[in-house]
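**Q** Got a structure for you, questions after.
The values are calculated or read from the model by the stated rules, or taken from the named source; none is laboratory data. Everything numeric here is computed off the predicted structure, so don't read it as measured data. Cβ sites come from the backbone with ideal geometry, for glycine too, and all protein chains shown count toward neighbours.
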Amino acid sequence: MTSPTAVPAYAAPAPKAPLERTTIARRPVGEHDVLIDIKYAGICHSDIHQVQEGWGTGIFPMVPGHEIAGVVSEVGPGVTKYSVGDHVGVGCFVDSCRACEYCEQGLEQYCVNGSTATYNGRDKNGDPTYGGYSTHLVVDENYAVRIPEGLGLDEAAPLLCAGITTYSPLRHWNAGPGKKVAVIGLGGLGHMAVKIAHAMGAEVTVLSQSLRKKDDGLRLGADHYYATSDEATFTELRARFDLIVSTVSAPLPIDAYLRLLKVDGAFVNVGAPEEPNSVNMFSLIAGRKTLAGSAIGGIAETQEMLDFCAEHRIGAEIELIGAQQINEAYERVQSSDVRYRFVIDTATI
């Protein structure tokens, strides 16, 4: 791939429009680039938010997908990290400024000058970026990660967003033995949070609207499972948790959840509702509690997460689909009708 090449992809031609097959141009393989033959791409709820412009104006046509797993098929002359045939992944960003204090700390996701989103963004030349609902991707070697042996590429793809999005706050807030962790929601993010928190050694509780997925939650590693539609839950669990991780993308009664924290406990939001939430400051003051957010992870931490998941034999629970099923999958995600991540077989694009 020595010149821009048109490759197949699925794109939304306009806001809220169904995705359709098209072609896009990928840049030539540069000095430090790798060409990835994409094998699988996860469908994240954030793909739907962005196609529907729920988080603001988008760039169209839009090729979503930031849960990308594939095989290196070409490397630039200056590449040292990867070789042809390596299994690699790409997550939510494909570049950053590389010079600010956060990039230098390996926190590229918090780049002061803004990291370059894998899709619905613009690269340093001002060209739009296109994501993983495609057959190929060219990316700088420093923004790809190695998928270890023992992780299937299909089950690994969702780890590039759902996995790191939950691993990062669990690690940062020291989930582990002796800690009581609650996970709000058992969906694409939530099921990974349960698996990872359990593997870290924490006591894990799922807080879900109903008990419909209780058997799954316990199978995935939860010790307890409660329905938040039952008002008794908020009485019984008062001052119970060291850490609550909210994985849902809908507004919540945050004050009620803050009362479930111990003194010095933290409520960390990794879901991104389209509507704002409100909180009574006394809910934080009473108990020296922390209300926080967390966004994915840097490249080094993403690699750490993948190695952790391989060591503990953790992959995503997936439903593999063909590209022709993407629009149906979007509808099912919005209806919470997936257990627990749709993954596109890109050979069908």
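**Q** Out of L284, L306, L291, report the one residue that is of a type in the set (A, V, I, L, M), touching a residue at least 24 places away in the same chain (Cβ under 8 Å) and closer than 24 Å to E67 by Cα.
**A** Values: L284 fails: closer than 24 Å to E67 by Cα; L291 fails: closer than 24 Å to E67 by Cα.
On inspection, the qualifying residue turns out to be L306.
**Q** Tell me yes or no: at least one residue of region 155-173 is at pLDDT 95 or above, more than 30 Å from D264 (Cα to Cα), assigned to a strand (DSSP E or B) and outside the structural domain of P251 (by TED's automatic domain parsing).
**A** no
**Q** While we're on this one: Can you tell me which residues in region 47-62 are within 23 Å of P8 (Cα to Cα) and either among the charged types (D, E, K, R) or in a loop (DSSP other than H, G, I, E, B) (or both)?
**A** D47, Q52, G58, I59, F60, P61
**Q** Would you be able to say whether some residue in region 224-241 is more than 24 Å from L284 (Cβ to Cβ) and surrounded by 24 or more Cβ atoms within 10 Å (Cβ to Cβ)? Step through it out loud before you land on a result.
**A** Kept after step one, since they are more than 24 Å from L284 (Cβ to Cβ), are these residues of region 224-241: 224-225, 227, 229-230, 232.
Cutting the leftovers down to surrounded by 24 or more Cβ atoms within 10 Å (Cβ to Cβ) gives us none.
No; the residues of region 224-241 include none that is more than 24 Å from L284 (Cβ to Cβ) and surrounded by 24 or more Cβ atoms within 10 Å (Cβ to Cβ).
**Q** State all residues of region 77-91 that are of a type in the set (A, V, I, L, M, F, W, C) and part of a loop (DSSP other than H, G, I, E, B); if no residue qualifies, say none. Talk me through it step by step, then tell me what you get.
**A** Within region 77-91, the first condition is being of a type in the set (A, V, I, L, M, F, W, C), and the residues that meet it are 79, 84, 88, 90.
Once the filter is applied, which keeps residues that are of a type in the set (A, V, I, L, M, F, W, C) and part of a loop (DSSP other than H, G, I, E, B), region 77-91 yields V79, V84.
**Q** In this structure, is E274 in contact (Cβ under 8 Å) with a residue 60 or more places away in the chain, outside the structural domain of R21 (by TED's automatic domain parsing) and either buried (at least 22 other Cβ atoms within 10 Å of the Cβ) or closer than 23 Å to L186 by Cα (or both)?
**A** Values: in contact (Cβ under 8 Å) with a residue 60 or more places away in the chain: yes; outside the structural domain of R21 (by TED's automatic domain parsing): yes; either buried (at least 22 other Cβ atoms within 10 Å of the Cβ) or closer than 23 Å to L186 by Cα (or both): yes.
It is true that E274 is in contact (Cβ under 8 Å) with a residue 60 or more places away in the chain, outside the structural domain of R21 (by TED's automatic domain parsing) and either buried (at least 22 other Cβ atoms within 10 Å of the Cβ) or closer than 23 Å to L186 by Cα (or both).
**Q** Say we look at region 116-162 and pick out the residues that are surrounded by 24 or more Cβ atoms within 10 Å (Cβ to Cβ) and more than 18 Å from I36 (Cβ to Cβ); which of these is nearest to the chain's Cα centre (by Cα)?
**A** A162
**Q** If a residue must be farther than 25 Å from Q334 by Cβ and either of a type in the set (S, T, Y) or part of a strand (DSSP E or B) (or both), how many such residues does region 174-224 contain?
**A** Number of matching residues: 6.
**Q** Hey, another quick one. Among the residues of region 312-331, what is the count of those that are in contact with a Phe, Trp or Tyr (Cβ under 7 Å, 6 or more places away or on another chain) and either over 26 Å from E149 (Cβ atoms) or assigned by TED's automatic domain parsing to the domain that holds M200 (or both)?
**A** Of the residues in region 312-331, 3 are in contact with a Phe, Trp or Tyr (Cβ under 7 Å, 6 or more places away or on another chain) and either over 26 Å from E149 (Cβ atoms) or assigned by TED's automatic domain parsing to the domain that holds M200 (or both).
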